[in-house]
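Please read the structure below before turning to the comments.
Laboratory data are not the source of any read-out in this text; all were calculated from the coordinates shown. None of the values given here were measured: they were computed from a predicted structure. Methodologically, a virtual Cβ is constructed for each residue, glycine included, from the backbone with ideal geometry; neighbour enumeration extends over all protein chains shown.
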Amino acid sequence: MKRLFSLILAGGMVWSGLSGARAEGAVPPKVSAASAVLMDGASGRVLYEKDAHAPRLIASTTKLMTALTALESGHDLDEVVTIQRAWTGIEGSSIYLRPGEEISLEALLYGLLLRSGNDAALAIAGHCGGTVEEFVARMNAKAQELGMADTSFVNPNGLDAEGHRSTAYDMALLARACLEDEALAKIVSTRSVTLGTRTFTNHNKLLWRYEGCIGLKTGYTQHAGRTLVSAARRDGMTLICVTLDAPSDWADHAALFDWGFSGYEARALAREGERAGQLPVSGGLLPVCPVAAGEDLTAALAPGERVDTVWELTETALTAPVEAGAQVGEIVYRIGTKELARVSLVTGGEVPLDLAEPSGWLGGIWERIAGL
């Protein structure tokens, strides 16, 4: 496999070639948070971390998973939800739902994410999950799907509870998924909105204070401390920042964003459909089939960083007919010994069967006759 790779893949190394970035070796800022992560939103590369995998209380940042689970439940935003008494009168922040009140699911989601309504969380969970318990089970299933290995949800609102926890790293993974959901990304970036008789103003002050901020969610309980998940976008690069138990969370996020944007730039490493090499084909009208990247990949890179690429092939040779878009392996991108990302390798075109060429058992007979 490695020999095949060296023969057919041109340019196995990519140099960042960046300009205008921070000087090599610049140290990240000190933060007040007990746990923190700065992640490249495109590739998932961790640029900075502090006790990133330590499980902690996460308070209302939980509601990002509540919203994502609701939006993936199949319910429409314009659905009308009739409020049950069990969903009202919850401690902490509230949008003051009333038993029997009718409100759209969309309004509940804005109330959940902008005003951080704990009652909105229960209403969303009960409506979209049938029961709050079933909905929370779906939240945990989604966490496992996203690779949030150190996360466990007990409720949909983030109130302190035994076993309700996550990590800065896991919450960054959740933020990436939230930003990929168009409806959710729109809600968390909204500063203020009026829906029906309610006006919701976003608690995330970074939307006003930090240039390029695009959301996501604040949180606080006495035991969890201040928690914050945010994202900012500049010059085609999206950075995600998470702090848990951070007395100076606004300053932490601004400092980490400044450090990240000054030290890294977005670099396109792969383009969907871009030819990466070729594989031999037997029995086809063409002797080879082009192999291409199956998706885009952009990553945050610092000056002087080298990205090595290695093919991990599931097929080293193809047999006609070949369909376009069939996966034949992955391109693995590494910085040093650390894996950065993976991109699928797919066939870049069709190779029809050569009907004039003997094949199968008939071909075998013909070859034996020809050899007589």
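Would you mind calculating the relative contact order of the chain from Cα pairs under 8 angstrom and at least 6 residues apart, reporting the percent as a whole number? Could you put the intermediate results ahead of the total?
Working: 845 pairs, mean separation 75.6, N = 372.
Over the chain, the number comes to 20 percent.
Excluding Thr62 itself, calculate the net charge of residues whose Cβ lies under 14 Å from the Cβ of Thr62, where each Lys or Arg counts +1 and each Asp or Glu counts -1. Provide the component values of the computation, followed by the final result.
On the way: positive: Arg56, Lys63, Arg138, Lys142, Arg165, Lys217; negative: Asp160, Asp170.
Net local charge, Thr62 excluded: +4.
Give, as a single signed number, the net charge of other residues whose beta carbon lies under 12 Å from the beta carbon of Ser192, with Lys and Arg counted +1 and Asp and Glu -1. Don't skip to the answer; put the middle values down first.
On the way: positive: Arg115, Arg191, Arg198; negative: none.
Summing Lys and Arg as +1 and Asp and Glu as -1 gives +3.
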Completion exercise
Ranked by GNM mean-square fluctuation in the chain (Cα springs under 10 Å), the top entry among Arg267, Arg138, Arg209 is Arg209
Problem - Top of Gly117, Gly236, Gly129 by mean-square fluctuation, Gaussian network on the chain, Cα under 10 Å - result: Gly236
Handout entry: Listed pairs Lys186/Lys338; Lys63/Lys205; Lys205/Lys338; Lys30/Lys217 exceeding 25 Å between Cα atoms
Key = Lys186/Lys338; Lys205/Lys338
Handout entry: Point-to-point label distance, Arg191-Ser104, nm (Cα→Cβ direction, 7 Å offset)
Key = 2.2
Handout entry: FRET efficiency for Tyr96 and His53, using Cβ-Cβ distance with R0 set to 51 Å, rounded to 0.05
Key = 0.85
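Where Lys and Arg each count +1 and Asp and Glu each count -1, what net charge lies around Glu272 among other residues with Cβ under 9 Å from its Cβ? It would help to have the intermediate numbers written out before the result.
On the way: positive: Arg271; negative: Glu274, Glu295, Asp296.
Once all neighbours under 9 Å are counted, the net charge is -2.
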Exercise for the section: Compare Gly130, Gly44, Gly294 in a GNM of the chain, Cα atoms joined below 10 Å, and give the one with the largest fluctuation. Expected result: Gly130
Fill in the blank from the handout: The size of the Cβ-based charge dipole (Lys, Arg +1; Asp, Glu -1) of the chain about the Cα centre, to the nearest 20 debye, is 1040
